[in-house]
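FYI, it's all coordinate maths here, none of it is from the lab. What you see is a predicted model; the values in this text were computed from it and never measured. In this analysis, Cβ positions are derived from the backbone assuming ideal geometry, glycine residues included, and neighbour counts consider all displayed protein chains.
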Amino acid sequence: MSKGILYDATMCIGCKQCEQACATENGLPYDDRVAAQEVTSAHKYTTVLTKDDKFMRRMCMNCDDPACASVCPVGALKKTSLGPVTYDKSRCMGCRYCMAACPFGVPKYEWDKAVPGVRKCIMCSKRVAEGKQTACAEICPTGATKFGDREALLEEAKKRIHDNPGNYLPHIFGEAEVGGTSVMLLSSIPFNTFGYRNDLTERALPMYTYQVLSRIPDFVPLFGTMLGGIYWITHRRQDVAEAEASEKDQKGGAR
Amino acid sequence: MTVPRIRFTFWKAVFIVIMVAGIYCTVLRFYRGLGASTNLSDQFPWGLWIGFDVMCGVMLAAGGFTLTAAVEIFNIKRFHSIIRPTILTAFLGYLLVCAALMYDLGLPWNIWHPLIMRNPHSVMFEVAYCVMFYTTVLALEFSPIVLEHFKLKRALKVVRSLMVVFVILGVLLSTLHQSSLGTLYLIMPNKLHPFWYSPLLPVFFFLSAIAVGLAMTIFESSMSSKYFGRELELPILRDLGRVLVVVLALYGILKFEDFYHRGVLGLVFTPGYEQRFFLLEIFLSVLAPLGLLLIPKVRENAQGLYLAAVLTLLGFVTNRLNVTITGVENAVGSRYTPKWTEVVITAMFIALGFAIFGLAAKYLPIFPEEKAHVPALREPSTRFSEVAVPAHAGD
């Protein structure tokens, strides 16, 4: 059963305890200076954004069919069956295609290190594998960040919108975006207020490249045969011409 | 002979300055990391080294597969005398691309990982295999030149008997590689500007590589005649010019059809940041060279062909930089200009390319013996430049 996170912005009080718990869980520094940073980075995997009296979290969406994992040539990024999208630095060669491909701009890089790696929220994959909740969901005092089975969370999100339509936008961000994501968001104000794009395709991004890549095994023997065939035909003409020429020479010599 | 000698020492000085700066930047890159040596950021993970050194490097090496296909597969014999310099250019280009990758990759010592850690769903995986295999094939295609120089007759015989296989593999791998650099961007439908994001990206990258391969061959033949005192093979360049007209026309028409069907023709006439760069690109890459080459006087003339070729090269360099940089700036919400250290490293690779080409041309049998091939095709008045450059200036 795939796990997920439901973040309900209307329940969030902006206490940033999720940021602190995330930093502790991942061994990252956390102080007032880091708390004030409203961007995710190589040392901050989640952030709570504030707009007037509204809040919104940013973190890795842990897509169901993630672009980052699909584009990674060495399989350093992987979608686990439990939901988290994990990263293994020992495989990574640092091409940063994951960063270029991510529709949410999530993967960050350790630019100031001589031996850098990719950094992002991995949905507490270790804790989840042990049957625990993510650190951010566990600490959340209001239940705004809720951990559970993705399907159940989706049903709950629909119910919340249905029961209280005045309180929510009729949109569960992450239900369908880029084929669905493990992290889903509810809000009372448009998501693009906080930098979430409202023009994202609902198709899983890996399909865009796979529809080309999947044809290569068919293309290679066809194109190879065509090239070989052209060579054979063009050089056959030459062989014939040479044979005819030498035949003429022989006849000429015999006379 | 004084004029070329002064020029030689001037360029030598430029070369040394670039190399010294390049070594400093190399130390900076590997000791302090990418942050200290580049303007790359979380918003802009790919910059000049990917946009120019890799994307354009591979594209500018396309003469290798274009010309070997024409000569060895289509059996067009009159191009035979220019095939070695194009293979040298391609081989050098790929070696420099590999070297540039070592700078750009965050963990370059892991570059071999795709050999044992395979994700065939990744376009980058395809790219990695194409780079590895095609560089190997280019080394094999280049090997007869070295074997000939050292008079290793048996090895030469073996390589020659297998040459058809290498050539077919080379064309196949190039086709995949050139197009795959476009496929890389198919995963970014919401990121790359509609001027450049198209399902036909791989086709555009492949077609433009052929155009650039032809233009590069014209460019490099002209340069060789200017600096190595080679006799310019104008009839051959005229033929290449005609092929270039056809390829550019195909590219232009396909681009128009693509824009029409995706409904972005209107954007071309809507002033904007991306629009200016797109207009520059399409003018340099298609409109100007096509316009020039359609005039018979220009098409038949050495300087005219040279100008059209240079415009084509600049145009498609602009195209690759637009895809990698201009086209994503709006979506990621920041602008990117390379740091001086990035520019120095790129300049170092360009300088190395020219220097190694010059050395190879001097010490290896790159050019056919003067007058040994098809003398009937030569015209007496076909020198690239009648001014100031005496014949055999490099000797």
Just need a number here: residues in segment B:197-222 that are within 12 Å of another protein chain (Cβ to nearest Cβ) and closer than 26 Å to B:ARG242 by Cα. 6
Just to be sure I understand, how many residues within segment A:105-114 are assigned to a loop (DSSP other than H, G, I, E, B) and facing chain B (nearest Cβ under 7 Å)? 5
Is it the case, given these coordinates, that B:ALA155 is of a type in the set (A, V, I, L, M, F, W, C), more than 14 Å from chain A (Cβ to nearest Cβ), in a helix (DSSP H, G or I) and in contact (Cβ under 8 Å) with a residue 60 or more places away in the chain? no
Picked from segment B:183-196 (must be in a loop (DSSP other than H, G, I, E, B) and buried (at least 22 other Cβ atoms within 10 Å of the Cβ)), the residue farthest from the other protein chains (Cβ to nearest Cβ) is B:PHE195
Per the list (1) buried (at least 21 other Cβ atoms within 10 Å of the Cβ); (2) within 24 Å of B:THR175 (Cα to Cα), residue check on B:ILE253 breaks on (1)
Checked pairs for segment B:112-127, first facing chain A (nearest Cβ under 7 Å), second of a type in the set (Gly, Ala, Ser), C-beta under 7 Å and 6 or more apart or across chains, list as B:PRO114/B:ALA128; B:MET117/A:GLY75; B:ASN119/A:GLY75; B:HIS121/A:SER70; B:SER122/A:SER70; B:VAL123/B:SER180; B:GLU126/B:SER180
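Yes/no per residue for (1) closer than 23 Å to B:TYR227 by Cβ; (2) more than 19 Å from the chain's Cα centre (by Cα):
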{"position": "B:PRO45", "(1), (2)": "no, yes"}
{"position": "B:VAL54", "(1), (2)": "no, no"}
{"position": "B:THR68", "(1), (2)": "no, no"}
{"position": "B:LEU95", "(1), (2)": "yes, no"}
{"position": "B:HIS121", "(1), (2)": "no, yes"}
{"position": "B:LEU138", "(1), (2)": "no, no"}
Give me the pairs: first residue in segment A:142-156 and in a strand (DSSP E or B), second residue hydroxyl-bearing (Ser, Thr, Tyr), beta-carbon distance under 7 Å, and six or more apart or on different chains, which are they? A:THR145/A:TYR7; A:PHE147/A:THR134
Of all residues in segment A:220-255, count the ones that are in a helix (DSSP H, G or I) and more than 8 Å from chain B (Cβ to nearest Cβ). 24
Name the residues in segment A:45-99 that are in a loop (DSSP other than H, G, I, E, B), among the charged types (D, E, K, R), within 14 Å of chain B (Cβ to nearest Cβ) and under 13 Å from A:LEU205 (Cβ atoms), would you? A:ASP65
Looking only at segment A:65-87, which residues are within 13 Å of A:CYS121 (Cα to Cα), out of contact with any Leu (no Cβ under 8 Å at 6 or more places or on another chain) and among the aliphatic types (A, V, I, L, M)? A:LEU77
Scan segment A:197-215 and give yes if some residue there is in a helix (DSSP H, G or I), among the β-branched types (Val, Ile, Thr), surrounded by 15 or more Cβ atoms within 10 Å (Cβ to Cβ) and touching a helix residue (DSSP H, G or I) at 6+ places or on another chain (Cβ under 8 Å), otherwise no. yes
Scan B:GLY57, B:GLY106, B:GLY47 and give me the residue that is in contact with a strand residue (DSSP E or B) (Cβ under 8 Å, 6 or more places away or on another chain), touching a residue at least 24 places away in the same chain (Cβ under 8 Å) and buried (at least 17 other Cβ atoms within 10 Å of the Cβ). B:GLY106
Quickly run through segment A:115-130 and pick out the residues that are assigned to a helix (DSSP H, G or I) and either touching a residue at least 24 places away in the same chain (Cβ under 8 Å) or aliphatic (A, V, I, L, M) (or both). A:SER125, A:ARG127, A:VAL128, A:ALA129
